[in-house]
1. Relative to the compact globular guide of 2.2 N^0.38 Å, what is the alpha carbon radius of gyration of segment 274-354, as a ratio?
2. What order do you get for 435-446, 241-252, 356-367, 324-335 when each peptide is scored by the mean count of other beta carbon atoms within 10 Å, highest first?
3. Inverting the mean 1/r over all pairs of different Cα atoms, compute the Kirkwood radius of segment 192-346 and quote it in Å.
4. Could you tell me the extents of segment 52-186's C-alpha atoms along the three principal axes, largest first, rounded to whole Å?
5. Once the piece of chain linking Lys319 and Asp112 is laid out straight, how much longer is it, given 0.36 nm per residue of separation minus the C-alpha distance between them?
6. Give the dimensionless ratio obtained when the Cα radius of gyration of the chain is divided by 2.2 N^0.38 Å.
7. If we sort 309-322, 288-301 on the protection proxy, mean other Cβ atoms within 10 Å, highest first, what's the order?
8. Compute the distance in nm between two label points, each set 7 Å from the Cα along the Cα-to-Cβ direction, one at Glu397 and one at Lys197.
Amino acid sequence: MTTKQKVFCGNLLFTPEFGRLELLKQALMIVDDNGMISAVIQQDDEKYEQIRTEAKQAGILQEFLAEQYLLPGFVDLHIHASQWPQAGIALDDPLNVWLDECTFPLESKYQDLDFAREVYNDLVEQLLARATTTAVYFATQHLEASYELAKISAQKGQRAFVGKVVMDNPKQTPDFYRDKDSQSAIADTKEFIRRVKQLGKDVKQGVYPVITPRFVPSCTDETLAALGKLAQETDAYVQTHCSEGQWEHDYVLERFGKRDTEVLADFGLLKRKSIMDHCNFVNEADGELFAKKQAAIAHCPISNAYFANGVLQAKRLHKQGVKVGLGTDISGGFSPSLYDNIKQCVMSSRMLEDGVDVDLPAQQRGKKDSRLSVLEAFYLATKGGGQAVCLPLGSFEAGQICDFQVLDPTVAANKLPGLNIFKRPVDILAKLLYLSTPANIKEVWVQGQRVK
Ligand code: GUN
Ligand code: FE
């Protein structure tokens, strides 16, 4: 046992597969110097006592209390960092009006780097306090401010995927907030990728550049083609909004005579490292294309309740073999918390399954087999998110990256009721997910390092 290793001893609660929960009581999680889990040793293992004693003697044992639980850190697959000041505001307009009247004016402010730093510092801290250990960010159109976000998350210990937003279509963007032209949008994206890759060389938990056309409406054909070529020629990640709501979906059909998924695929933007946001209007054939290309979907259930005009058929897509994770979509979604999105994911799926219009007969009201349990939604927020970003994240198994949160259900500020009555692991998990607040999140660790 080397002094560079760490050994954590605590109650591990995680979902190694969709629909399967593990609770390993007072297990030992051995973590190497790179922040990777090398082994998980259970109490009934014959080596348990010896490993524990040796770790204690070497001063590398970190013990958590019997009433605390370690859960994997959360992956927020889709968040507009720049929209954080606007969270909770202006949610009553349709998406295109909300973009034009609120969002573009706010995002245009990020040419001011001091403003950008203030917002981004606050946001990353708020996310870490809510156990978002990995975030996939949209920044803004500005190269410098987007790079600030990458530096700030790197410095605060959060794993980040960051995109400089590309939006050059004069017909769908305002004069005060647009890439100058296609050439400069592509040149800035290339420079951004170069800088973030350089930065990432010294960042233990990782910081990655993301090719980020805002969505098809904001971009010219020339730019979509150039970004798709870049996506195919490099190993950079890609993110964009896809078939989010009725307006976007219809706009793309009208402009190209094809569905959003097909358009993005034809431009080369749908690949293994692509994260497509929302995707509410993705039909079965689109789902097959997603599965074939190994592209992932960021399901943003709170935002979708406001802007999507529908509910994502997440269960069907999961069954089709599409990678699905969860996103907050700040500020289409008002909450920075994956806890809140796990709950909304469950609730929206139940409404999708049962239907909402009681004037229809019960059998015609909903979409059968759509419900997701809280355990399944938890999977999406952890291991599902890890698969979407193509990293071994979100579970406590050998070979996974060690990101976790320490939850204490006994804190005075928010003592959770009934835990000594409801003792099945699935009940403990449900209780923790439905009722915890940031007060219960005592510690957060990313890649084996404490960040909160
Ligand atoms: N589509 C294009 N831009 C945006 C955005 O900022 N938020 C959401 N929810 N959808 C978008
Ligand atoms: Fe979004």
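Every number here is computed from the coordinates shown, using simple stated rules; none is lab data. Remember, predicted model here, so these are calculated numbers, not experimental data. Glycine also receives a Cβ, built like all others from the backbone with ideal geometry; neighbour counts cover every protein chain displayed.
1. It is 1.02.
2. 324-335, 241-252, 435-446, 356-367
3. 16.0
4. Principal-axis extents of segment 52-186 (Cα, largest first): 67, 35, 23 Å.
5. That pair, Lys319 and Asp112, stretches by 70.0 nm at full extension.
6. It is 0.97.
7. Ranking the peptides 309-322, 288-301 by packing returns 288-301, 309-322.
8. Going by the 7 Å Cα→Cβ label model, 3.1 nm.
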